[in-house]
2 protein chains.
Amino acid sequence: MSELRWNAHLGEWTMTSSVRMERTFLPPADFCPLCPTLPGAFETEIPEPDFDLVVFENRFPSLFDPAPEPAVPATPLAPVRPSHGRCEVVVYTPQHRGSFGELPLDRLFRLALVWQDRYRELGALDFVDYVLIFENRGREVGVTLDHPHGQIYAFPYVPPIPERELQLAAEYHARTGACLTCALLAEELADGSRLVRENDHFVTYIPFAARYPYETIVVPRACRPSLGEMDDPELCSLAEMLKSVALGYDALFDLPLPYMMIFHQAPTDGRTWPGAHFHVEFHPLQRAANKLKYRASVESGAGSFINDSLPEEKTPELRAAIQRALS
Amino acid sequence: MSELRWNAHLGEWTMTSSVRMERTFLPPADFCPLCPTLPGAFETEIPEPDFDLVVFENRFPSLFDPAPEPAVPATPLAPVRPSHGRCEVVVYTPQHRGSFGELPLDRLFRLALVWQDRYRELGALDFVDYVLIFENRGREVGVTLDHPHGQIYAFPYVPPIPERELQLAAEYHARTGACLTCALLAEELADGSRLVRENDHFVTYIPFAARYPYETIVVPRACRPSLGEMDDPELCSLAEMLKSVALGYDALFDLPLPYMMIFHQAPTDGRTWPGAHFHVEFHPLQRAANKLKYRASVESGAGSFINDSLPEEKTPELRAAIQRALS
């Protein structure tokens, strides 16, 4: 059973999906559903003895195509709609051990091409308003499969956080004629104290009002609304940047750092969103070598983040970690 | 160093507070800073050999009074302001072991009087726009002190989540002349399938679009904007209800359930908020006996919650657990 239920207090949809209660939970490596299927062995999600990169529909999705009819009666205060969308799994490599950052650049470039393809193809579906590409990394984030992989949710609505960002960007654009993300990037480049890394087409910095001590944002220098507008050199530059940042995170405390990697880009709802500017956010959970940042009542119940460090102090740490990782 | 930094992408303040990096982290019971100070022993935060209930200012706050001058330069896109506010700790009992739910009702009633007093006194300060009362319970939520206690943040702004709730309530009020929370409560009482418990003055139910499998909302039957408008029988009824729900949570899987308990009420910013209706939200992290609900990329990066269970199925479980706990 699955449906979208309206939260009237907060003005947002909750996705219910009881099939997810059954999802595979930390299986042993021999029974990893994201590995290739070896001859005569356990049949995984991928019925091939080898593969390069694979995208398939999540067997335990939150969004469905076709979507079941909602089972709960709706009321004017409690609207319900079908959870019509897609949930895909992107397996980065046939190798069970490893991580996004450790993969060779040519593989990550092909992954960026896959992301671009999925953004275009899913975004072209008439019921898809927003394509969310992300990776949850580490058990502390809630990962239930260790094999290196990411996910894509194709939403039938623009989710609240991107929507808020896009609305503020549109307001700024209406007021000034300029792009907010471009303006923020220009300030960061001029100031320099929070700049983590630059390459040909992308810049990474710790945001001025970072919510997590080691939060970063990866922004294209050119104002690209989405992956759909990027050419191959840009996609390769993106792959190189994300790899460097991910490796830097692991070098920070010499441990596989739990993080969320989230892509924000233009909706695919047919509307115009002036000021939409692609970016990737990393939300790493670590606040020190042996301490996590928790999102407790102040964050989760009030929506206000506490950062117990200063971005200007964490920037040199992260810069040095990336340098160690790449040298 | 501490300040409020503006997140221009999301239109919200982040509180930076480097003093919090030093906060006491899971001390052994003999060195609990929330216990009474025994003669000749370790001096705790409370320099008395015994006490009933204690409220004191957090030594590792996120908001300060007086507040230090911001250390980082502001720009038009990156405003900064002093983190002027108060952070208080509310110690529920001198006993180190125990929990909110296990405390006797007379003590919890006195605690409700303390909450009311703090709401009024902190809310009357000219720099305080919002009084957030909450409890983080359990190490999985991020608690660093096991001694039963709650916290109060007196904010110099209305935080994003209550603000969004209040705006939607005000819009509903403008459109219909009625209170949204009252209307939702009436629907839940009529439907009944998500009703967890009722007493004289309060009703607890699992919200229609619950974000956590065992999420509950505790709502006064009468339209009270805040604790400030409640009389003693109402406060006692609130204490009884919160106690019952907390005990029910622990009975669900026979373990101390990690939860956040968050009070939403009228701001104290001098503005009128039509449709403000006090309520308490419990966000329990458990989704099954040995599994937690994580707020990963879809929740944290897109703001959309996935609930892998149906509120109508979890309601009888929670009802039965409360019955077991109270019998």
Checklist entry - Residues in region B:153-162: is at least one under 20 Å from B:L238 (Cβ atoms), more than 9 Å from chain A (Cβ to nearest Cβ), touching a residue at least 60 places away in the same chain (Cβ under 8 Å) and in contact with a Cys (Cβ under 8 Å, 6 or more places away or on another chain)? => result no
Next on the checklist: Take the conditions within 14 Å of another protein chain (Cβ to nearest Cβ) and in contact with a His (Cβ under 6 Å, 6 or more places away or on another chain) and apply them to A:G275. Does it pass?
Outcome noted: yes
Item to check | Residue check for A:S300: assigned to a helix (DSSP H, G or I), buried (at least 22 other Cβ atoms within 10 Å of the Cβ), at the interface with chain B (Cβ under 10 Å from one of its Cβ atoms) and of a type in the set (S, T, Y) | outcome: yes
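Given the condition surrounded by fewer than 20 Cβ atoms within 10 Å (Cβ to Cβ) and basic (K, R), answer yes or no: does some residue in region B:75-83 qualify?
Here is the first cut: in region B:75-83, the residues surrounded by fewer than 20 Cβ atoms within 10 Å (Cβ to Cβ) are B:75-79, B:81-82.
Narrowing further to those that are basic (K, R): B:81.
Yes, region B:75-83 has at least one match.
Residue by residue, here is whether (1) closer than 28 Å to A:I161 by Cβ; (2) touching a residue at least 12 places away in the same chain (Cβ under 8 Å) holds:
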| position | (1), (2) |
| --- | --- |
| A:N7 | yes, no |
| A:F25 | yes, yes |
| A:P36 | no, yes |
| A:F51 | no, yes |
| A:D65 | yes, yes |
| A:P68 | yes, yes |
| A:V72 | yes, yes |
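Yes/no per residue for (1) under 24 Å from B:D129 (Cβ atoms); (2) surrounded by fewer than 23 Cβ atoms within 10 Å (Cβ to Cβ):
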| residue | (1), (2) |
| --- | --- |
| B:P274 | yes, yes |
| B:A288 | no, yes |
| B:F305 | no, no |
| B:S309 | no, yes |
Next on the checklist: Just checking, does region A:167-184 include any residue being acidic (D, E) and under 16 Å from A:H279 (Cα atoms)?
Outcome noted: no
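Checking the conditions here, which among B:A246, B:A266, B:A239 is more than 8 Å from every other protein chain (Cβ to nearest Cβ), in a loop (DSSP other than H, G, I, E, B) and within 20 Å of the chain's Cα centre (by Cα)? Can you show your working first?
Details: B:A246 fails: in a loop (DSSP other than H, G, I, E, B); B:A239 fails: in a loop (DSSP other than H, G, I, E, B).
Selected residue: B:A266, the only one of B:A246, B:A266, B:A239 that is more than 8 Å from every other protein chain (Cβ to nearest Cβ), in a loop (DSSP other than H, G, I, E, B) and within 20 Å of the chain's Cα centre (by Cα).
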Checklist entry - Can you find a residue in region A:25-43 that is modelled with pLDDT under 95, closer than 22 Å to A:M260 by Cβ and among the charged types (D, E, K, R)? => result no
Next on the checklist: Of the residues A:V72, A:V55, only one is among the β-branched types (V, I, T), in a loop (DSSP other than H, G, I, E, B) and under 23 Å from A:F155 (Cα atoms); which?
Outcome noted: A:V72
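Give the residue, chosen from B:R224, B:R295, B:R287, that is touching an Asp or Glu at 6+ places or on another chain (Cβ under 8 Å) and either within 30 Å of A:P61 (Cβ to Cβ) or without any contact (Cβ under 8 Å) to a residue 24 or more places away in the chain (or both). Before you say what the answer is, go through the steps one by one.
Numbers: B:R224 fails: either within 30 Å of A:P61 (Cβ to Cβ) or without any contact (Cβ under 8 Å) to a residue 24 or more places away in the chain (or both); B:R295 fails: touching an Asp or Glu at 6+ places or on another chain (Cβ under 8 Å).
Matching residue, one of B:R224, B:R295, B:R287: B:R287.
Being farther than 30 Å from B:L113 by Cα and β-branched (V, I, T) narrows it down to one of B:T14, B:T24, so name that one. Walk me through it before giving the result.
Working: B:T24 fails: farther than 30 Å from B:L113 by Cα.
Of the residues listed, the single one that is farther than 30 Å from B:L113 by Cα and β-branched (V, I, T) is B:T14.
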Next on the checklist: Restricting to region B:182-192, and then to whatever is more than 9 Å from chain A (Cβ to nearest Cβ) and not hydrophobic (A, V, I, L, M, F, W, C), can you tell me which residue is nearest to B:V280 (Cα to Cα)?
Outcome noted: B:E188
Checklist entry - Which ones in region B:311-322 are touching a residue at least 60 places away in the same chain (Cβ under 8 Å) and over 23 Å from A:S2 (Cα atoms)? => result B:R319, B:A321, B:I322
Next on the checklist: Going residue by residue through region B:35-54, is there one that turns out to be on the phi < 0 side of the Ramachandran plot, surrounded by 14 or more Cβ atoms within 10 Å (Cβ to Cβ) and within 14 Å of chain A (Cβ to nearest Cβ)?
Outcome noted: no
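Yes/no matrix, rows are residues, columns are (1) polar (S, T, N, Q); (2) within 8 Å of another protein chain (Cβ to nearest Cβ); (3) free of Cβ contacts under 8 Å to residues at least 60 places away in the same chain:
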| site | (1), (2), (3) |
| --- | --- |
| B:R120 | no, no, no |
| B:V128 | no, no, no |
| B:V131 | no, no, no |
| B:H149 | no, no, no |
| B:Q167 | yes, no, yes |
| B:A170 | no, no, no |
| B:H173 | no, no, no |
| B:L180 | no, yes, no |
Checklist outcome for this item: Apart from one, (1) buried (at least 23 other Cβ atoms within 10 Å of the Cβ); (2) under 21 Å from A:M1 (Cα atoms); (3) in contact with a Leu (Cβ under 6 Å, 6 or more places away or on another chain) all hold for B:P284; the odd one out is (2)
Item to check | Residue check, B:T268 out of contact with any strand residue (DSSP E or B) (no Cβ under 8 Å at 6 or more places or on another chain) and within 19 Å of B:Y119 (Cβ to Cβ) | outcome: no
Next on the checklist: Please go through (1) of a type in the set (S, T, N, Q); (2) at pLDDT 95 or above; (3) farther than 25 Å from B:C87 by Cβ for A:S300 and return the number of the only condition it doesn't satisfy.
Outcome noted: (3)
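The values are calculated or read from the model by the stated rules, or taken from the named source; none is laboratory data. Since we're looking at a predicted model, the values are computed, not measured. We place every Cβ from the backbone using ideal geometry, glycine too, and count neighbours over all the protein chains shown.
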